[in-house]
Amino acid sequence: MDMRFPVLEQYGLREIPFTCAQCSFCQVGHGACPTFKVKRRDSYSGKGKMLLARALMQGRLKASQGLEGLRDAVFGCTLCGGCEEVCQVDIPFVKVYQALRGDFLKKGMWPDALVTARETLLKTKNILGQAQMDRVEGWSYWHPDEDALLDRVGIAAKTAFFFGCASSFKAVPVQATIATTLVMEKIGEDFTILGEDEWCCGAPMIMTGDFETARVFAEHNIQKYLELGVERIVTNCPGCYKMWAHEYHEFLDIEPPFEVLYGPQGFQQGLDEGRLTFTTPLGVEAQAGTGLRQ
Ligand code: SF4
Ligand code: SF4
């Protein structure tokens, strides 16, 4: 019996595995697959996954012969997009892998580690399993004006700074978060932050095929921003940016009603408008532990 992948079909990707020309660029070409380089198995390359999916769909391979192997290869992929860069028939690999991950979730073949990650996310609202109150309060004393930052939590403003989980809890990205708030303050940007009401953007779930859990997180953050009158969102995290700018639309059919800017794009606007120059001093005293320098 042939095998169906309903999530792949739902996103209009059913025919994609049949378009592979088997040129092997994705195995050996410039930017070729990092997992294939390590695993040395065809199934770990883009081509291998397409041929396996195709054979399963055509019934040339039984589920008992190929489904687990496809599952392992699909979840072993880093979603780096290297295969997409070199593919001569422009297969949208990353989207295909995310949809296939959704199919494995529906087939009850999701990896155990992801079940644990989802439990953590649903319980704590962030992927690191940290206390939500520490999203700002955990490190606000590193900021030169701790109160000024805390006072921004939950205020009404047209611009919101969406931190993201890593940029709220991990020491190095947190320093970039602080630096960004300093630049925004310096150029007179009135912005709001959600503090413990900021939930994960949902990227870990969208990337692993659990679109309905991701929807809960996307809708929560959008609702919070609507309540505050937000019109544009700035984020430093490339993963969060990808969600807000592209993937809520692609996978959840949600169009966030905000302009979405990657952090440096916000700085570019400040430069263009003359509110910021490359030599603008931030007026920050060097502080032990923060790595911030004037
Ligand atoms: S996206 Fe996955 S399959 Fe493609 S090159 Fe990167 S690791 Fe390999
Ligand atoms: S580069 Fe594209 S067409 Fe060529 S083998 Fe890989 S998936 Fe198939």
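The values are calculated or read from the model by the stated rules, or taken from the named source; none is laboratory data. None of the values given here were measured: they were computed from a predicted structure. As a convention, Cβ positions derive from the backbone with ideal geometry for all residues, glycine included, and neighbour counts pool all protein chains shown.
Within the range 65-83, being more than 7 Å from ligand 1 (Cβ to nearest atom) and either in contact (Cβ under 8 Å) with a residue 12 or more places away in the chain or touching a Phe, Trp or Tyr at 6+ places or on another chain (Cβ under 9 Å) (or both) holds for Gly66, Leu67, Glu68, Gly69, Leu70, Arg71, Asp72, Ala73, Val74, Phe75, Gly76.
All conditions in (1) surrounded by fewer than 19 Cβ atoms within 10 Å (Cβ to Cβ); (2) in the same structural domain as Gly154 (by TED's automatic domain parsing) hold for Thr277, with the sole exception of (2). Here the condition is being more than 12 Å from ligand 1 (Cβ to nearest atom), assigned to a helix (DSSP H, G or I), aliphatic (A, V, I, L, M) and surrounded by 14 or more Cβ atoms within 10 Å (Cβ to Cβ); of Leu61, Leu13, Leu56, it holds for Leu56 alone.
Scan the range 2-9 and tell me whether some residue there is under 19 Å from Ala99 (Cα atoms), modelled with pLDDT of 95 or more, buried (at least 17 other Cβ atoms within 10 Å of the Cβ) and near ligand 2 (Cβ under 9 Å from one of its atoms). No, the range 2-9 contains no residue that is under 19 Å from Ala99 (Cα atoms), modelled with pLDDT of 95 or more, buried (at least 17 other Cβ atoms within 10 Å of the Cβ) and near ligand 2 (Cβ under 9 Å from one of its atoms).
Looking at the range 28-36, can you tell me whether even one residue there is of a type in the set (Gly, Ala, Ser), modelled with pLDDT of 95 or more and crowded, with 18+ Cβ neighbours inside 10 Å? The answer is no; no qualifying residue exists.
If we scan the range 250-268, do we find a residue that is assigned to a helix (DSSP H, G or I) and within 25 Å of Thr124 (Cα to Cα)? Scanning the range 250-268 turns up at least one residue that is assigned to a helix (DSSP H, G or I) and within 25 Å of Thr124 (Cα to Cα). The numbered conditions (1) modelled with pLDDT under 95; (2) within 29 Å of Glu212 (Cα to Cα) are all true for Met50 except (1). Close contacts from the range 92-112, counting a first residue that is of a type in the set (Ser, Thr, Tyr) and a second that is surrounded by fewer than 16 Cβ atoms within 10 Å (Cβ to Cβ), with Cβ to Cβ under 7 Å and a gap of 6+ residues or different chains, come to Tyr97/Leu79.
Taken over the range 84-113, the residue count meeting the criterion of being more than 13 Å from ligand 1 (Cβ to nearest atom) and either within 13 Å of Phe251 (Cβ to Cβ) or surrounded by 19 or more Cβ atoms within 10 Å (Cβ to Cβ) (or both) is 6.
Looking only at residues that are assigned to a helix (DSSP H, G or I), hydrophobic (A, V, I, L, M, F, W, C) and out of contact with any Ser or Thr (no Cβ under 9 Å at 6 or more places or on another chain) in the range 159-201, which one is nearest to Cys237 (Cα to Cα)? Per the criteria, the residue is Ala166. Exactly one residue out of Gly164, Gly229 is surrounded by fewer than 23 Cβ atoms within 10 Å (Cβ to Cβ) and on the phi > 0 side of the Ramachandran plot: that is Gly229. Going by the structure shown, is Gln88 within 13 Å of ligand 2 (Cβ to nearest atom), polar (S, T, N, Q) and assigned to a helix (DSSP H, G or I)? Considered against the rule, which asks whether it is within 13 Å of ligand 2 (Cβ to nearest atom), polar (S, T, N, Q) and assigned to a helix (DSSP H, G or I), Gln88 comes out as no. For the range 38-53, a residue qualifies if it is more than 10 Å from ligand 1 (Cβ to nearest atom) and either on the phi > 0 side of the Ramachandran plot or not in a helix (DSSP H, G or I) (or both), and the qualifying residues are Arg40, Arg41. The residues listed here are Thr120, Thr78; of these, the one that is β-branched (Val, Ile, Thr), assigned to a loop (DSSP other than H, G, I, E, B), modelled with pLDDT of 95 or more and within 29 Å of Pro238 (Cα to Cα) is Thr78.
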